[in-house]
2 protein chains.
Amino acid sequence: MQKDISQAVIRRLPRYYRYLGDLLEEGIDRISSNDLSARMKVTASQIRQDLNNFGGFGQQGYGYNVRYLYEEIGKILGLDQNHNIVVIGAGNMGQALAKYTNFAKRGFSIIGLFDVSHDLIGTMVRDISISDISELPRFLAEHEVDIAVLTLPKDQAESAAATLVSCGIHAIWNFAHLDLDLPEDIIVENVHLSDSLMQLSYNIKQNSIE
Amino acid sequence: MQKDISQAVIRRLPRYYRYLGDLLEEGIDRISSNDLSARMKVTASQIRQDLNNFGGFGQQGYGYNVRYLYEEIGKILGLDQNHNIVVIGAGNMGQALAKYTNFAKRGFSIIGLFDVSHDLIGTMVRDISISDISELPRFLAEHEVDIAVLTLPKDQAESAAATLVSCGIHAIWNFAHLDLDLPEDIIVENVHLSDSLMQLSYNIKQNSIE
């Protein structure tokens, strides 16, 4: 089924998942495409088209079954599986991500934190002690790790990424302020916070000109 | 000049700015579109087209003047101006952002941190004491603030955003896990970390299927 879903729809799925989760929290079991449209500020026709990819559970006069849709989209997004995560770079951002409980709720479990700084090694973050990055290869050999979060400064990130890949890591969530140069089969999702802040700054400037 | 630059080019500018900044750090004064192309993994022809928007300083046999281009793009992005920032939500993520020195280097100055939690109020983050969010309106009346960073939990973010807007804030960098419902003239740049992690998870699942 997944092969038939366009990339454009895929990119919208996390947002649907978020809204459907909010509906569940509010105790709403079913919703019409019109009501969902009003909430999400997307046309009802777009919603119908998108959600039709997941089979015929949007019925006339009934609306969508919220929990079913939430779970189906969750499966497509791989959220029905647990993901073990290591965080490489246990500074402010790495620690903030490690402490973020919402990730754990969705099956993203942080099982290791690594840094180069002797000031940080041995510090406890939740129930994990920060390890020396030199121990990373052994750790990766002994544990099943699905995702490495890279929150090191730019000048240390490239070599850490190379180590991760040589130890068999296939997916990197990259917060470092550079584009990683890695083999094509490695999945990289970038969070370039500075780029985002510059986009905001650009829009502020445009607003002041107009 | 700015009016003539397409949105597609604008979205690419932070990345050019980042690469040009790296070149400057390496002491490189000029670069050909071919060399920049090899670094950025964008075609040389795209680079020439994009950078031609900034006037004729890419000369045959000379290449681009790195500093000039860096500064011109910086101006377009509004980085020639200082931006005062308040952080609303001084938990792990808010504190991590407040401690991030790269923002300050680019003229983004954090001048206030606010939270609802009595455990946090009064805590020092760098040289700023976390204030009670009830003091926000007075603070915004007394200080020129350009950007509010919103790092509160979802259930507190909407009302905080409304307060910000009623106090005259025009730009919000939103890390809260929801889409803010605000007047159209308010600039919002979202960083939905969970959406990004789900995109990564989706790609991992696809890789394992193929």
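The set of residues in the range B:142-158 that are within 21 Å of A:ASN207 (Cα to Cα) and either within 12 Å of chain A (Cβ to nearest Cβ) or not acidic (Asp, Glu) (or both) comprises B:HIS143, B:VAL145, B:ASP146, B:ILE147, B:ALA148, B:VAL149, B:LEU150. Candidates are the residues of the range B:71-100 that are more than 10 Å from chain A (Cβ to nearest Cβ) and open to solvent by 70 Å² or more (accessible area, probe 1.4 Å); the one that is modelled with the lowest pLDDT is B:GLU71. For the range B:19-40, which residues satisfy the criterion of being open to solvent by 30 Å² or more (accessible area, probe 1.4 Å), over 12 Å from B:ARG67 (Cα atoms), touching a residue at least 12 places away in the same chain (Cβ under 8 Å) and more than 24 Å from the chain's Cα centre (by Cα)? Passing the criteria: B:SER32, B:ASP35.
Tell me, please, whether a residue that is at pLDDT 85 or above, touching a Ser or Thr at 6+ places or on another chain (Cβ under 8 Å) and surrounded by 14 or more Cβ atoms within 10 Å (Cβ to Cβ) can be found in the range B:54-61. No, the range B:54-61 contains no residue that is at pLDDT 85 or above, touching a Ser or Thr at 6+ places or on another chain (Cβ under 8 Å) and surrounded by 14 or more Cβ atoms within 10 Å (Cβ to Cβ).
Restricting attention to the range A:177-191, the residues being within 18 Å of the chain's Cα centre (by Cα), facing another protein chain (nearest Cβ under 8 Å) and either open to solvent by 30 Å² or more (accessible area, probe 1.4 Å) or in contact (Cβ under 8 Å) with a residue 60 or more places away in the chain (or both) number 2.
Being open to solvent by 40 Å² or more (accessible area, probe 1.4 Å) and small (Gly, Ala, Ser) is the filter; apply it to the range B:101-141 and report the residue that is nearest to the other protein chains (Cβ to nearest Cβ). Out of the qualifying residues, it is B:ALA104.
Are any residues in the range B:161-176 more than 8 Å from chain A (Cβ to nearest Cβ), among the small types (Gly, Ala, Ser), in contact with a helix residue (DSSP H, G or I) (Cβ under 7 Å, 6 or more places away or on another chain) and closer than 22 Å to A:LEU193 by Cα, and if so, which ones?
B:ALA176
Within the range A:159-176, the set of residues being open to solvent by 20 Å² or more (accessible area, probe 1.4 Å) and either farther than 20 Å from B:SER201 by Cα or in contact with a strand residue (DSSP E or B) (Cβ under 7 Å, 6 or more places away or on another chain) (or both) comprises A:SER159, A:ALA162, A:THR163, A:SER166, A:HIS170, A:PHE175.
The values are calculated or read from the model by the stated rules, or taken from the named source; none is laboratory data. Predicted, not measured: the structure shown is a model, and the values here were computed from it. Heads up, the Cβs are rebuilt from the backbone with ideal geometry, glycines too, and the neighbour counts pull from every protein chain shown. Protein only, heavy atoms only, side chains kept; ligands, DNA and RNA dropped before computing areas. Shrake-Rupley method; radii C 1.70, N 1.55, O 1.52, S 1.80 Å.
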